[in-house]
Amino acid sequence: MHREQTAPTGSASKRIRRSPEAARAEIIRAAEAALAELSFNELTVDVLMQRTGMTRSSFYHYFSGLDELLAGLLEGFERDIVASVDPWLSGDEAVDPRQATLDSLTRMLQVFREHAPLVDAVNQAASGNPRVYRRWQTRVIGAFIDKTTGFIEKQVARGLSRVVDPARSANALSRMNSAVAHDNLPGAHPDTPEAVAQVLAGIWNSVLYGTVG
């Protein structure tokens, strides 16, 4: 079913026809743009919907509130994170494992940088919203830990690594990544993803392969 909304031109006679999927996607895009200018605590439904030309009631047709909207925003972040690390964590034997660590952690940190306003919004919302916190922990942190555990087990099976506890090592390395990525986002002059990845990759490679770099 298509919904008609008033166009933001101010003309009451002009209508924009949107499919439900297009309307939801437009609200999410507007929220991404708004969070580049406002903190999550400053964002309101009215401010958001002014950017779309849709009505306040349209927002509640697709989202129960801003916290559910934030969960929708996380979908794009999750896809980008998965795309940045999956080729690496699939354990391609033809790839230099040490160089793959550096390249993939660089891509991961670039995703964090690109989604910095969203990551900050998640931090603000998660402290008071168990749903947002659980989604971040399960879909982002937990998923990365699981993939890393499987990756380490493959490296051990191939004789490339001597890690004795893949699950605990994966947990520690993954949570270190998240903490460092979060810590490097604030400020006017954060370190580049390349510089941070160089340090993280040294730690990963030391743990996995017994060598730094």
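The values are calculated or read from the model by the stated rules, or taken from the named source; none is laboratory data. Computed from a predicted structure; not experimentally measured. Positions of Cβ are backbone-derived with ideal geometry, glycine not excepted, and every protein chain shown enters the neighbour counts. Accessible surface areas use protein heavy atoms only, side chains included; no ligands, DNA or RNA. Shrake-Rupley method; radii C 1.70, N 1.55, O 1.52, S 1.80 Å.
Count neighbours as other Cβ atoms within 10 Å of each site's Cβ, and list the trypsin sites (Lys or Arg not before Pro) in segment 121-213 that are DSSP loop with at most 15 such neighbours.
Details: sites: R131, R134, R135, R139, K147, K154, R158, R162, R168, R175; in loops: R158, R162.
Hits after loop and neighbour filter: R158, R162.
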**Request:** For R18, enumerate residues with amide H under 5 Å from its amide H, sequence gap 5+ or separate chain, H modeled in the peptide plane.
**Result:** R3, Q5
**Request:** Using a 1.4 angstrom probe, figure out how much accessible area the chain has per residue, in square angstrom, rounded to the nearest whole.
**Result:** 52 Å²
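So which chymotrypsin sites (Phe, Trp or Tyr not before Pro) in segment 133-213 are both in a DSSP loop and have at most 15 other Cβ atoms within 10 Å of their Cβ? All intermediate terms of the calculation are to be shown ahead of the outcome.
Values: sites: Y133, W136, F144, F151, W204, Y209; in loops: none.
Those that pass, being in a loop and sparsely packed, number zero.
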**Item:** Rg/Rh ratio calculated on Cα atoms of segment 58-168 (Kirkwood radius)
**Value:** 1.07
**Asked** Between L43 and residues 5 or more places away or on another chain, which pairs have amide H atoms under 5 Å apart, with H built 1.01 Å from N, and which residues are they?
**Response** none
**Prompt:** If you place +1 on the Cβ of every Lys and Arg and -1 on the Cβ of every Asp and Glu, how big does the dipole about the Cα centre of the chain come out, in debye to the nearest 20?
**Reply:** 580 debye
